[in-house]
Amino acid sequence: MRLSIVTINYNGAKKTLKLLKSLWEQTDQDFQIIVVDNASEEADFDNLKQNISNTVLIRNDDNFGFSGGNNVGIKKAIQNGASWVVLLNNDTWVEKDFISRLKPILSQKSGIVGLPLDEGDRVAYCGKIQWFRSTLKHIHNMLNIGCLTYAIGGAVAIHKDVFEKIGLWDEKYFLYFEDADFSLRARKVGIPISFTQEVMIYHNSSSTTKKLGSPLLLRYHYRNALYFNLKNGPWYIKIAVWFWSFWIIKRQVFKIIVRYKPEESHAILTGVFDFYHHGMGKIV
């Protein structure tokens with residue numbers, strides 16, 4: 001089994017190095033590590049570059065987002081002969097026997113395997129697909145896992161055959177909803193998606209929202225939610241998306257009139273208009 005671990009760094013070298021340290025200390029060293037830097041600031045990238053070893057480091061000339069950054073790493077992993085690609089958030093870390101325990105699991109699997117994220121007070125096993133939601137919730141009980149679930153992008157193993165059948169991650173999202181999109185595309189062509197409890201990934205709360213700021217975060221979420229529903233929903237969802245978008249506009253205009261968090265409402269409205277005008281990808 002040829003295994004590659006892919007993670008993205010964006011101005012988070014300290015956290016990335018913590019993950020890398022946990023990977024460098026694995027009892028089974030027969031795997032490759034690929035770090036994709038999404039055009040971090042020079043100081044952050046230098047910190048990463050100077051402290052890295054036994055790792056493939058790729059620096060993008062722009063921030064390609066979660067989907068685009070992962071795609072760069074996935075392409076490199078497959079080019080290097082990987083049969084399985086494991087995507088891990090850079091703010092995660094693993095125990096020393098992670099690889100030795102993961103390989104036997106993957107040897108019995110195919111398609112996509114969601115890996116559990118220990119978030120301190122609870123464990124996220126997968127995400128729940130819901131229509132007409134600006135955010136998608138995680139499922140914290142294995143008994144609640146059903147067909148309308150997706151593998152969380154921050155901890156997932158994907159066989160190379162999946163990419164050959166459905167392609168890479170949709171870069172129109174930039175970030176948020178791309179993992180749910182990927183799982184739905186896989187299910188539509190019969191690719192199996194399973195989840196395991198037999199290994200664990202430890203996860204810090206994401207700092208992405210703090211870096212982006214609440215209004216920009218909302219803009220991404222609403223724009224991508226509309227795109228996700230239109231792209232992946234059943235026919236009646238695709239029709240209803242337009243009515244949902246009108247309701248969002250009406251609600252946010254009312255909030256602006258009464259001066260209730262107008263900055264957030266303006267961001268949400270901009271996200272809706274981005275969707276209308278096909279303004280996908282990175283928001284600049």
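The values are calculated or read from the model by the stated rules, or taken from the named source; none is laboratory data. Model, not experiment: these values are computed from the prediction. Positions of Cβ are backbone-derived with ideal geometry, glycine not excepted, and every protein chain shown enters the neighbour counts.
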Count, please, the residues in the stretch 18-30 that happen to be surrounded by fewer than 19 Cβ atoms within 10 Å (Cβ to Cβ) and either over 17 Å from ALA77 (Cβ atoms) or touching a helix residue (DSSP H, G or I) at 6+ places or on another chain (Cβ under 6 Å) (or both). 7
Inside the stretch 19-136, counting only helices (runs of 4 or more DSSP H) that do not spill past its ends, which hold 3 or more residues that are within 26 Å of VAL189 (Cα to Cα)? 65-79, 98-107
For the list (1) modelled with pLDDT under 95; (2) surrounded by 13 or more Cβ atoms within 10 Å (Cβ to Cβ); (3) polar (S, T, N, Q), I need the number of the one condition that ASN232 fails. (1)
Residue count for the stretch 196-217, restricted to those that are at pLDDT 95 or above, over 15 Å from the mean Cα position of the chain (by Cα) and of a type in the set (A, V, I, L, M, F, W, C): 2
Please indicate, with yes or no, whether at least one residue in the stretch 168-180 is more than 25 Å from ARG219 (Cα to Cα) and either surrounded by fewer than 21 Cβ atoms within 10 Å (Cβ to Cβ) or outside the structural domain of GLY233 (by TED's automatic domain parsing) (or both). no
Assess whether TYR236 counts as being hydroxyl-bearing (Ser, Thr, Tyr) and without any contact (Cβ under 8 Å) to a residue 24 or more places away in the chain. yes
Criterion: over 26 Å from ASP28 (Cα atoms) and surrounded by fewer than 19 Cβ atoms within 10 Å (Cβ to Cβ) - qualifying residue of ASN80, ASN141: ASN141
